[in-house]
1. Within segment D:190-197, does at least one residue satisfy the condition of being modelled with pLDDT under 95, more than 9 Å from chain C (Cβ to nearest Cβ) and within 23 Å of B:Val237 (Cβ to Cβ)?
2. Based on this model, can you work out whether D:Arg64 counts as away from chain A (no Cβ under 14 Å), open to solvent by 10 Å² or more (accessible area, probe 1.4 Å), under 17 Å from D:Arg272 (Cβ atoms) and part of a helix (DSSP H, G or I)?
3. Restricting attention to segment B:241-257, and to residues there that are more than 9 Å from every other protein chain (Cβ to nearest Cβ) and in contact with a helix residue (DSSP H, G or I) (Cβ under 7 Å, 6 or more places away or on another chain), which single residue is farthest from B:Leu104 (Cα to Cα)?
4. Just one of (1) more than 14 Å from chain C (Cβ to nearest Cβ); (2) open to solvent by less than 30 Å² (accessible area, probe 1.4 Å) trips up D:Leu227, so point out which.
5. Go through (1) among the basic types (Lys, Arg); (2) crowded, with 18+ Cβ neighbours inside 10 Å; (3) within 12 Å of chain B (Cβ to nearest Cβ) one by one and return the number of the condition C:Arg87 breaks.
6. Scan B:Gln153, B:Gln235 and give me the residue that is outside any loop (DSSP other than H, G, I, E, B), open to solvent by 50 Å² or more (accessible area, probe 1.4 Å) and in the same structural domain as B:Asp255 (by TED's automatic domain parsing).
7. With the requirement that a residue be open to solvent by 20 Å² or more (accessible area, probe 1.4 Å) and more than 7 Å from chain C (Cβ to nearest Cβ), what does segment B:11-28 give you?
8. Looking only at segment D:68-109, how many residues end up being within 30 Å of D:Gln151 (Cα to Cα) and of a type in the set (Asp, Glu)?
Number of protein chains: 4
Amino acid sequence: MDSNRFIIAAHCVNRPGIVSAVSTAIFGLGCNILDSQQFDDTESGRFFVRMVFNHDTVTLDEVRAVLEPVMSELDMEWTLRDREHRRKVLLLASRFDHCLGDLLYRWRSGDLEMDVVGIISNYPRDTYKQITMGDIPFHHLPITKETKPQQEQQITDLIEETGAELVVLARYMQILSDQMSRSLSGKCINIHHSFLPGFKGARPYHQAHERGVKLIGATAHFVTGDLDEGPIIEQDVERISHRDTPEGLVRKGRDIERRVLARAVRYYLQDRVFMNGNKTVVFPE
Amino acid sequence: MDSNRFIIAAHCVNRPGIVSAVSTAIFGLGCNILDSQQFDDTESGRFFVRMVFNHDTVTLDEVRAVLEPVMSELDMEWTLRDREHRRKVLLLASRFDHCLGDLLYRWRSGDLEMDVVGIISNYPRDTYKQITMGDIPFHHLPITKETKPQQEQQITDLIEETGAELVVLARYMQILSDQMSRSLSGKCINIHHSFLPGFKGARPYHQAHERGVKLIGATAHFVTGDLDEGPIIEQDVERISHRDTPEGLVRKGRDIERRVLARAVRYYLQDRVFMNGNKTVVFPE
Amino acid sequence: MDSNRFIIAAHCVNRPGIVSAVSTAIFGLGCNILDSQQFDDTESGRFFVRMVFNHDTVTLDEVRAVLEPVMSELDMEWTLRDREHRRKVLLLASRFDHCLGDLLYRWRSGDLEMDVVGIISNYPRDTYKQITMGDIPFHHLPITKETKPQQEQQITDLIEETGAELVVLARYMQILSDQMSRSLSGKCINIHHSFLPGFKGARPYHQAHERGVKLIGATAHFVTGDLDEGPIIEQDVERISHRDTPEGLVRKGRDIERRVLARAVRYYLQDRVFMNGNKTVVFPE
Amino acid sequence: MDSNRFIIAAHCVNRPGIVSAVSTAIFGLGCNILDSQQFDDTESGRFFVRMVFNHDTVTLDEVRAVLEPVMSELDMEWTLRDREHRRKVLLLASRFDHCLGDLLYRWRSGDLEMDVVGIISNYPRDTYKQITMGDIPFHHLPITKETKPQQEQQITDLIEETGAELVVLARYMQILSDQMSRSLSGKCINIHHSFLPGFKGARPYHQAHERGVKLIGATAHFVTGDLDEGPIIEQDVERISHRDTPEGLVRKGRDIERRVLARAVRYYLQDRVFMNGNKTVVFPE
């Protein structure tokens, strides 16, 4: 309980001996591995691993010093984190407040272990009167077709200033530019209000109603240059019937969006999510 | 228990007084309404109703005689059925036998109250060695690009000869011609191995694997001229992960296909399903 | 859209002619039935019906005047409500705020059409700093073993003063006395943090962890004198694994409790819920 | 694909260095770890691990020879299996054939990689006319209160003769004696037709109907001396409503039982299931 607890999330080209090398280094430090999951993607030839381990006295820097040569030898891309270190997160929203409100609720209740370093919206602060923001910095950054580049620059500046490690589009109804999407690759999660790849584009609940599907869903995905095509992190659905109006679907959808986005963010904050080409690897809780 | 039990399934342009007119006619016969569900589609302006009622002595013909003028006055399209009358069903299959086997199992166990009047396949009978067909007539109707019109004519003839009221494509891997699809409109249910409208076309599980979705599904729909676009009757999904291979998805998918198709057929056999433009109304059990 | 819309919820001993009598009376008023569901419980011999109907000009009083003799003749217990009339609801909470916060969120967003006439807690107001209560009256009613009768009397007085039609125990961690439970019969909904009848009593998530179940759930039920035995309105579950700690179950459980309680309250507010002995009839949306 | 593939399933008292020791031994053999999952139960102090690894030429005996001293040093209880080795399974059934039929279907279709070495029933063979048993040995072992010890001895003899590694009670409606249960500990899976711990004992669907629950379920568990209290391997549920009769629940339950039992057996056959006191550890697919 009171010991130092560390999380490694790493991936590299697969080859024999990786688990042995890493676990032996950790054992050499006198650490105990509490949890370990790995995945060997025979298609992409890549290897993914997440390990949680602890020690009473060894520090993060000592762990890093020992692991660096091992990981370098394996040509690993890796992160090492003290479990107590909370990632800095920036939340972006627009008119709808249900995802924003839910993320803040879960942050306060301890479900989401993160530091919310700011909220950005293209709507003014009083849009969110019902939500308790406390003293989280709020940035109203209005946007028009003409001012889009400048507005995105403001966002980029805020990411830099705050040191945000994750950007969450909590029903932020603006499409990021290609350049911005690429610069945020692997660090920006969006919630799309349909069960992708069905119903891309605008007004997906109206499309779903029109098509007469019997389940609706939501999809949390990494933002990439390809709109609605980013690697999927989490999805869920709910049953509907012929009685549901488009407005009823929007209402039911809010619940799905809230929980799908919250789960995706949670997995990310726990270093469970890896990009793997246009797909993801997500180690279960 | 021992009384006569009748089911009305009817639809017409909505207008006030329909429920009153029908229920009063049924009451006039001395019948007791056991179950009644209705739906008033404000978009299409159509009204749908299903009623189950019983009587100790009144016969189907007597009920029909009393209802005919009422229904005619309302300009209803309607069916009236004695609950004991089992619908005649023709099953079509190809190489995969899981849906066929499951439907036959459910028929024998009493889950599906129908008369299976025949099984048609473009594969020979010994493809289905593992399945107990009993004395259900089996028709091997091979098909090539050239013989498609003739083969479809053979199917049409069999439908006529057997008096089949429903045709079920239980993973029948041939695309029906436009003409045949239209002639079977509202009487032919197909199972598609994806959560439509995602992954239309061939090899949907491979498409799903490629896209990296986190849930896969299956869709039972009425067959129409528009391939993969028929009115959806039932859908379901199951959770998958990055560990699942395309073959694993196919395996998991078999379970979803079996239960989705069985539910759709069951709803149909109980007169719960109505076409409503390119959508359906399905009254729940 | 702009017409008057009415909802009847009624039940009586079953006998032929009920639907006919009620629908004919409604038709006689020139109203159009939009939705109608009924259930004939062959075990209890009781009949349940919910009808939604509208008219451009007819008023609630006019509808009531016409229906009264019909319903009286049928010996119906019934309610008639203008759809615009929002039911008055009193919320009770204790230390945990997730259900309370969620109900208030859904009330503000329009999911739950009700008038929240007050919040009662045995904890002081600043327990709920994170929740936007606006100007809803808050009543801090502390309770000890000795003061329980007085505290319950205060609650009873508040119900009377506010005219509350529904009392929601939103994780209110006090057991109501037998007398109070009985006086609130059919008007008080509780959320129990387990999938009843499993894990009655205290600390159900710890019990679930101890037993090693693979799904946990929550149950919304009417409060009766029999603790944990009231008629069940709604239940749901979520998958867990051997990795989940009791604390993890509590966290996952919060999500289930929120949505199960919200659904039960929503169904109630829409007159979809009937007590039927120690069970319920819930007409689906 | 054509390489030798091995699976280790092992558990021991937790201590640092286990993963390092095992993975280093495997690496020393020149093998590649394809999949590895572990769980460190901080409550019981036990460590569980499952590893899949392969090699082009190394044989099972060579692997065993190298691992034996390592595992012995760690005081491991462990199994090592060539993935091609199919476990021998004995199926027990009574009057209901849906689970038996489903397991045999999945065995033939390749879902369940096992050798079915026999079917035992207290009902005669012609009970299962609808099921394709092929040439699997069928043993009719009738049972009365008086002959129970002898009948169980016959079962025990068959387990020994066939070398069965797993016994599946596929709705076998006899309660095994304490002695037999204990002797099969960890090797015998039962399907109980309720969502345990709710509705223990007889006629659980009737109990569920009586209680008015909104979901019903099934539970696959290891058989122990404690009836209905064995470690749970898998559970699932399905939504029901007030319309469902007890017979309807039995019908819906059959589907849940089939898939829950099939999943539990599948997990077992893949060495994913460990007993952990009165609970289980199940590594996900």
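The values are calculated or read from the model by the stated rules, or taken from the named source; none is laboratory data. In this text the structure is predicted, and so the values were computed from the model without any measurement. With ideal geometry, Cβ positions are generated from the backbone for all residues, glycine too; neighbour counts draw on all protein chains shown. To get the accessible areas, we keep the full protein, side chains included, count just its heavy atoms, and leave off ligands, DNA and RNA. Shrake-Rupley method; radii C 1.70, N 1.55, O 1.52, S 1.80 Å.
1. No.
2. Working: away from chain A (no Cβ under 14 Å): yes; open to solvent by 10 Å² or more (accessible area, probe 1.4 Å): yes; under 17 Å from D:Arg272 (Cβ atoms): no; part of a helix (DSSP H, G or I): yes.
So D:Arg64 does not fit the description; no.
3. B:Pro246
4. (2)
5. (3)
6. Details: B:Gln235 fails: open to solvent by 50 Å² or more (accessible area, probe 1.4 Å).
Among B:Gln153, B:Gln235, only B:Gln153 is outside any loop (DSSP other than H, G, I, E, B), open to solvent by 50 Å² or more (accessible area, probe 1.4 Å) and in the same structural domain as B:Asp255 (by TED's automatic domain parsing).
7. So the first thing to find is which residues in segment B:11-28 are open to solvent by 20 Å² or more (accessible area, probe 1.4 Å), and the list is B:11, B:13-16, B:21, B:24, B:27-28.
B:His11, B:Val13, B:Asn14, B:Arg15, B:Ala21, B:Gly28 - these are the residues of segment B:11-28 that are open to solvent by 20 Å² or more (accessible area, probe 1.4 Å) and more than 7 Å from chain C (Cβ to nearest Cβ).
8. 2
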